[in-house]
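Worksheet for the structure shown next.
The values are calculated or read from the model by the stated rules, or taken from the named source; none is laboratory data. Note that the coordinates shown come from a computational prediction; the quantities given were computed from them, not determined experimentally. In this analysis, Cβ positions are derived from the backbone assuming ideal geometry, glycine residues included, and neighbour counts consider all displayed protein chains.
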Amino acid sequence: MAIRRSAEETLNVAGPTDSWLPRCKQALESSGFSQVKVADVLHQITGKYRTFTTVGEIEITLKPGGENTTIHAKATANVDNIFALFRSPTGAILSKFRQGLGVGG
């Protein structure tokens with residue numbers, strides 16, 4: 001069984017939650033995530049990420065806040081490989097999502 005760790009990150013963005021849900025889904029799909037699933041009622045999106053050096057998944061939850069939206073991203077990844085010594089797998093997953101969303105990386 002793999003040893004896994006999680007990391008979380010919160011982003012505050014301008015605009016309603018309903019407009020950010022498809023943008024987040026598109027960001028995951030364009031960044032190489034697979035099995036992207038959207039739960040519209042819960043405002044959640046999940047996706048799996050797998051490369052030679054990183055294996056994990058991400059769960060994104062959107063929370064409305066007036067005219068703004070809070071995006072809470074939680075990445076969970078395997079850390080029991082040699083590559084995890086040089087680069088955080090959870091950091092890599094969160095970075096891929098941010099890059100796909102266009103808010104830095």
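Scan region 36-49 residue by residue and report those that are touching a Gly at 6+ places or on another chain (Cβ under 8 Å) and surrounded by 13 or more Cβ atoms within 10 Å (Cβ to Cβ).
Val36, Lys48, Tyr49
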Only one of these conditions is not met by Phe33: (1) buried (at least 17 other Cβ atoms within 10 Å of the Cβ); (2) at pLDDT 90 or above; (3) out of contact with any Lys or Arg (no Cβ under 8 Å at 6 or more places or on another chain). Which number is it? (3)
What are the pairs with Cβ atoms under 7 angstrom where one residue, in region 67-89, is more than 30 Å from Pro16 (Cβ to Cβ) and the other, located anywhere, is of a type in the set (Ser, Thr, Tyr)? Sequence gap at least six, or different chains. Ala77/Thr54; Ala77/Thr90; Phe83/Thr53; Pro89/Thr54
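Before we move on, is Glu59 of a type outside the set (Val, Ile, Thr), in contact (Cβ under 8 Å) with a residue 40 or more places away in the chain and assigned to a strand (DSSP E or B)? Break it down into steps so the answer makes sense when it comes.
Values: of a type outside the set (Val, Ile, Thr): yes; in contact (Cβ under 8 Å) with a residue 40 or more places away in the chain: no; assigned to a strand (DSSP E or B): yes.
Judged against the criteria, Glu59 is not a match.
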Any residue at all in region 30-44 that's within 13 Å of Leu94 (Cα to Cα) and hydrophobic (A, V, I, L, M, F, W, C)? yes
Is there a residue being modelled with pLDDT under 90, surrounded by 15 or more Cβ atoms within 10 Å (Cβ to Cβ) and part of a strand (DSSP E or B) anywhere in region 70-85? yes
I need a count of the residues in region 11-29 that are closer than 15 Å to Ser95 by Cβ and either assigned to a strand (DSSP E or B) or more than 12 Å from the chain's Cα centre (by Cα) (or both). 1
Which members of region 12-28 meet the condition of being in contact (Cβ under 8 Å) with a residue 24 or more places away in the chain and either under 24 Å from Val55 (Cβ atoms) or of a type in the set (D, E, K, R) (or both)? Arg23, Cys24, Gln26, Ala27, Leu28
Test: Val13 is more than 17 Å from Gln99 (Cα to Cα), of a type in the set (Val, Ile, Thr) and surrounded by 15 or more Cβ atoms within 10 Å (Cβ to Cβ): no
